[in-house]
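Below is one structure, written out as C-alpha cells; comments come after it.
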Amino acid sequence: MPEGPQMVFLKEQAEQFVGQTVLLAEGSAKHVPNNRLQGQVLTEIKTYGKEFLFCFSSFAICIHLMLFGKYAINSRLDRELRLGLEFETGEINFYACDCRLIEKELSEVYDWSTDVMSTLFDKAKALEKLHTKPERQISDAILDQSILAGVGNGIKNEVLYRRQIHPESMVGAIPEVELLKLVNECVKLSFEYLTWIREGTAKQHWQVYQKKECPRDFIPLQKGKTGKQLRSSYYCDRCQRLFLPDVL
DNA sequence: CGTACTGTTCGGGA
DNA sequence: GTCCCGAACAGTAC
C-alpha cells in the first residue's frame, strides 16, 4: 500500500546509502539510462507524496510504486528488475514501478507545501484549493494529490471515519470548521501511520478500511465505489454524517 | 480461474 | 482551454 507514510519509511530504510557512489545500475526502466547513474554520488533522498526521489548532483530519479510496486533492500525479488542500484555497502532494488529522470530543479517540479508529510505543509493552502471545486465529493477531493499529496485510499477512508464525515458529502456543503479538522486529521493520521509502519503494526490500526463492522456502532459497514473516481469507500451510515447542499 | 484493488498518466472527444 | 472517460500498466489475494 504505497501511501505517503510508506514512502517516508522507505526513505528511512534507504538513507544508509546517502553519500555513497553508485557502483552499478541495472534494470529495465525505460526513462532512466543506467550509464547516467554509474559513478554518481547519492547526495540526498527526498519524498514527495507517494513519490520517492534519489538526488544526485545534477539530476534526480523519481520512483512511484503505483498500485503494485515492490522494493527490496540488500535482497532481490524473483521478478523483472525495474531499477537496481548497487552501492558500496549494499543494494536497493525496485520492481513494477514507474521511474523517471528529472533534470529540472526539484523546486520547479514539486511544491512541498502540499505534501502532508512535509514540514512545509500548508493547511490554509489545502483548504483554499478544496474550495475551488465545491461540487466535488469529499472522497474524490481528499485523494487529489495536488491538494493533499501522499493521501491514498486507505488514509482517505480512515480520516473520513475519524471525522465522522460520509465519503459522498459535497465539499461545498461541509462546514469550514469540519473541513479544517479533516485536513488536520490527514496530517495526524499520516504520521501515526508512519509510527505503526515502523512497529510493523499498521494493519491492526485500520478502523474501517477493508473492515466489516463499525467499531463505534457495531453495525455492518457500507462498502461501495464513491465519487467520479469510483474508488472503494468503507463507511458507517449511522455515525458518518452526509453533508449535502440545502435544497430550497 | 476470474475479479478486485492500495495509483497515475495519457489521449480522445465533448 | 477544460472536463471527463476509458485504456494501459502489473502483482497479489481471494
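Details
- Local electrostatic count, A:VAL208, Cβ distance below 11 Å [Lys/Arg +1, Asp/Glu -1]: +4
- Across A:LYS30/A:LYS50; A:LYS46/A:LYS133; A:LYS50/A:LYS212; A:LYS50/A:LYS104; A:LYS70/A:LYS129, pairs whose alpha-carbon gap is larger than 22 Å: A:LYS46/A:LYS133; A:LYS50/A:LYS212; A:LYS70/A:LYS129
- Within the stretch A:47-62, backbone nitrogen closer than 16 Å to the virtual label 7 Å beyond the Cα of A:LYS104 toward Cβ: A:48, A:59-62
- Our coupling estimate for the stretch A:134-149, obtained by passing each phi through the Karplus curve with A = 6.51, B = -1.76, C = 1.60 and θ = phi - 60°, is x, 7, 6, 6, 4, 5, 7, 4, 6, 8, 6, 5, 7, 10, 10, 5 Hz, Gly and Pro reported as x.
- Relative to the current alpha-carbon distance between A:SER75 and A:LYS211, full extension at 0.36 nm per residue lengthens the span by 45.7 nm.
- Classified by the C-alpha gyration tensor, the stretch A:4-109 has a rounded form. Its axis ratio a/c, with a ≥ b ≥ c, is below 1.5.
- Candidates A:ALA25, A:ALA202, A:ALA141, ranked by Gaussian network fluctuation over chain A, Cα under 10 Å, top entry: A:ALA202
- For q = 0.07, 0.12 Å⁻¹, Debye-computed log10 I/I(0) when each Cα of chain A counts as one equal scatterer: -0.27, -0.74
- Point-charge dipole on Cβ atoms (K/R +1, D/E -1) for chain A, about Cα centre, debye to 20: 760
- The local environment of A:THR114, defined by Cβ-Cβ distances under 9 Å, has a net charge of -1 under the rule Lys, Arg +1 and Asp, Glu -1.
- Estimated FRET transfer efficiency (A:GLN13, A:LEU244; beta-carbon r; R0 45 Å; 0.05): 0.55
- Derived scalar couplings ³J(HN,Hα) [the stretch A:165-180; Karplus, 6.51 cos²θ - 1.76 cosθ + 1.60; whole Hz; x for Gly, Pro]: 10, 5, x, 8, 4, 8, 3, x, 9, 7, x, 3, 4, 5, 5, 5
- Residue list for the stretch A:167-197, given a label point 7 angstrom along the Cα-to-Cβ vector of A:ALA124 and an amide N cut-off under 19 Å: A:176-185, A:187
FYI, it's all coordinate maths here, none of it is from the lab. Keep in mind that what you see is a predicted model, and the values were worked out from it rather than measured. All Cβ positions, even for glycine, are placed from backbone atoms using ideal geometry, and neighbour counts span all protein chains on display.
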